[in-house]
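The values are calculated or read from the model by the stated rules, or taken from the named source; none is laboratory data. Here the structure is a predicted model, which means the values were calculated and not measured. Reconstructed Cβ throughout: ideal geometry from the backbone, glycine too, with neighbour counts over all protein chains shown. All accessible areas refer to the heavy atoms of the entire protein, side chains included, with ligands and DNA or RNA removed. Shrake-Rupley method; radii C 1.70, N 1.55, O 1.52, S 1.80 Å.
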Amino acid sequence: MREKIEKLSEILQTSNHIVFFGGAGVSTASGIPDFRSADGLYSKKLNRNFTPEQAVSRSFFERYPEEFFAFYKQHLVYPNAKPNACHKALAQLEEMGKLKAVVTQNIDGLHQAAGSKKVYELHGSVQRNYCMKCHTFYDAHYILEVNGIPKCAKCNSVIKPDVVLYEEGLDDEVVAGAIRVMSEADTLIIGGTSLMVYPAAGLIDYFRGKNLVLINKSHTSAESKADLVIHEDIAKVMSEAVAQI
């Protein structure tokens, strides 16, 4: 383990254009579980069980907004979560001028809270919410404080979280930006993701650089392509590796 962290630190020292691609495992140390670990939603009103994927789909949001927001606020929004050692290490790498961007599948906004400036949020963010009619902005606190369906204070239309729901496509500009930075990177660090969620996971195929690093507790499909694989807690690995630079 120590040798692998030293190797990672060496890669970080000799790299000048690092990109980090992360998933749910990055935020578990902040107390945010993968929403797929939720038991789903049972609606007494509808007398039906819904899987987590169904509960955060566009069609569910449109047909059953009250149930959608009940599940959303319970399982996807964590207002007390703070950046962990991984978030902070990445922000430090960016401050050093080595990390050029973070590409994340997470929607919690913790990379920005830690100080990262260049973040491509593939699946959006719970920190941004907009009226579907007049596009007035509302923060996560507003959504959490409202009982039932959040409505716009200006026009009384439904407010939608700026989160990519199932059945919705990714934002073209965000994807284009992520592809660009990955294709320009000399080192790509993939962390805290099983690489099972597409199309996001497919973006790593655009990497043409020198060092591909994988940090994840469980095995992933990309390990055969990697120059360094570490099966350990990513917060511990990144904080120790950056501290050695």
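Would it be correct to say that Y120 is surrounded by fewer than 21 Cβ atoms within 10 Å (Cβ to Cβ), in contact with a strand residue (DSSP E or B) (Cβ under 8 Å, 6 or more places away or on another chain) and at pLDDT 95 or above?
Details: surrounded by fewer than 21 Cβ atoms within 10 Å (Cβ to Cβ): no; in contact with a strand residue (DSSP E or B) (Cβ under 8 Å, 6 or more places away or on another chain): yes; at pLDDT 95 or above: yes.
Answer is no for this residue.
Could you check the stretch 208-221 and list, in sequence order, the residues that are under 13 Å from F21 (Cα atoms) and more than 19 Å from the chain's Cα centre (by Cα)?
L212
Looking at the stretch 12-28 only, could you name the residues that are surrounded by fewer than 19 Cβ atoms within 10 Å (Cβ to Cβ) and either free of Cβ contacts under 8 Å to residues at least 60 places away in the same chain or among the hydrophobic types (A, V, I, L, M, F, W, C) (or both)?
T14
Kindly list, by first and then second residue, each pair from a residue in the stretch 30-59 that is within 16 Å of K73 (Cβ to Cβ) and part of a strand (DSSP E or B) to a residue that is at pLDDT below 90 and of a type in the set (S, T, N, Q), limited to pairs with Cβ atoms under 9 Å and residues at least 6 apart or on different chains.
Note: pairs meeting the criteria are F50/S43.
Scanning for something over 30 Å from M132 (Cα atoms), aromatic (F, W, Y) and open to solvent by 80 Å² or more (accessible area, probe 1.4 Å), does the stretch 201-213 turn up at least one residue?
yes
Which members of the stretch 170-195 meet the condition of being in contact (Cβ under 8 Å) with a residue 24 or more places away in the chain, within 24 Å of E53 (Cα to Cα), open to solvent by 50 Å² or more (accessible area, probe 1.4 Å) and of a type outside the set (S, T, Y)?
If the condition is that a residue be in contact (Cβ under 8 Å) with a residue 24 or more places away in the chain, within 24 Å of E53 (Cα to Cα), open to solvent by 50 Å² or more (accessible area, probe 1.4 Å) and of a type outside the set (S, T, Y), then D171 is the only one that fits.
Go over the candidates V77, V103 one by one and state the one that is at pLDDT 95 or above, over 26 Å from I18 (Cα atoms) and within 14 Å of the chain's Cα centre (by Cα).
Working: V103 fails: over 26 Å from I18 (Cα atoms).
That would be V77, the only listed residue that is at pLDDT 95 or above, over 26 Å from I18 (Cα atoms) and within 14 Å of the chain's Cα centre (by Cα).
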